[in-house]
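Okay, structure first, notes after.
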Amino acid sequence: NNSLWRITDVWAGGYSYDSNPVPIRTIGDTLYFRAYDGQTGIELWAYGMNNGTVWQVIDINRGGPLDSSNPGTGFLVELGSSICFDADDGVHGIEVWCI
């Protein structure tokens, strides 16, 4: 219908998207993207087109706002009904993750 809308404000009052954006992927009616929420660093997020909800998929590098997993910096691909990407958990370095 040629309309434009913001899906969410991940970090109210801050800049939610990071400076190294990666391609956004969709699987079914779910849009996957990376964002910064001011608390958990840059992590993987999702938006459900069917009900308009937004959620953090997982906090891979658990820590504070400066501890980011930076998912998909090197790659982020669809594999069947999953997405696979690189991310850093802060312990083992950059590894391949799938969800």
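The values are calculated or read from the model by the stated rules, or taken from the named source; none is laboratory data. The structure displayed is predicted, hence computed values, not measured ones. Using ideal geometry, Cβ is built from the backbone for each residue, glycine included, and neighbour counts are taken over all protein chains shown. Each accessible area value is taken on the protein alone, full model and side chains, heavy atoms only, with ligands, DNA and RNA left out. Shrake-Rupley method; radii C 1.70, N 1.55, O 1.52, S 1.80 Å.
Numerical summary
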| item | result |
| --- | --- |
| Failed condition for CYS98, given (1) under 16 Å from THR8 (Cβ atoms); (2) open to solvent by 30 Å² or more (accessible area, probe 1.4 Å); (3) modelled with pLDDT of 90 or more | (1) |
| Residue match in segment 81-92 (condition: surrounded by fewer than 14 Cβ atoms within 10 Å (Cβ to Cβ), under 12 Å from the mean Cα position of the chain (by Cα) and not charged (D, E, K, R)) | no |
| Residue in segment 32-52 that is acidic (Asp, Glu) and more than 11 Å from the chain's Cα centre (by Cα) present | no |
| Test: ASN70 is on the phi > 0 side of the Ramachandran plot, open to solvent by 50 Å² or more (accessible area, probe 1.4 Å) and of a type in the set (S, T, N, Q) | yes |
| Conditions (1) open to solvent by 50 Å² or more (accessible area, probe 1.4 Å); (2) at pLDDT below 90; (3) more than 20 Å from THR8 (Cβ to Cβ): number failed by GLY64 | (1) |
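Quick grid of which residues meet (1) at pLDDT below 90; (2) crowded, with 17+ Cβ neighbours inside 10 Å:
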site	(1), (2)
TRP11	yes, no
GLY14	yes, no
PRO21	yes, no
LEU31	yes, no
ARG34	yes, yes
ASP37	yes, yes
ASN51	no, no
GLN56	no, no
ASP59	no, yes
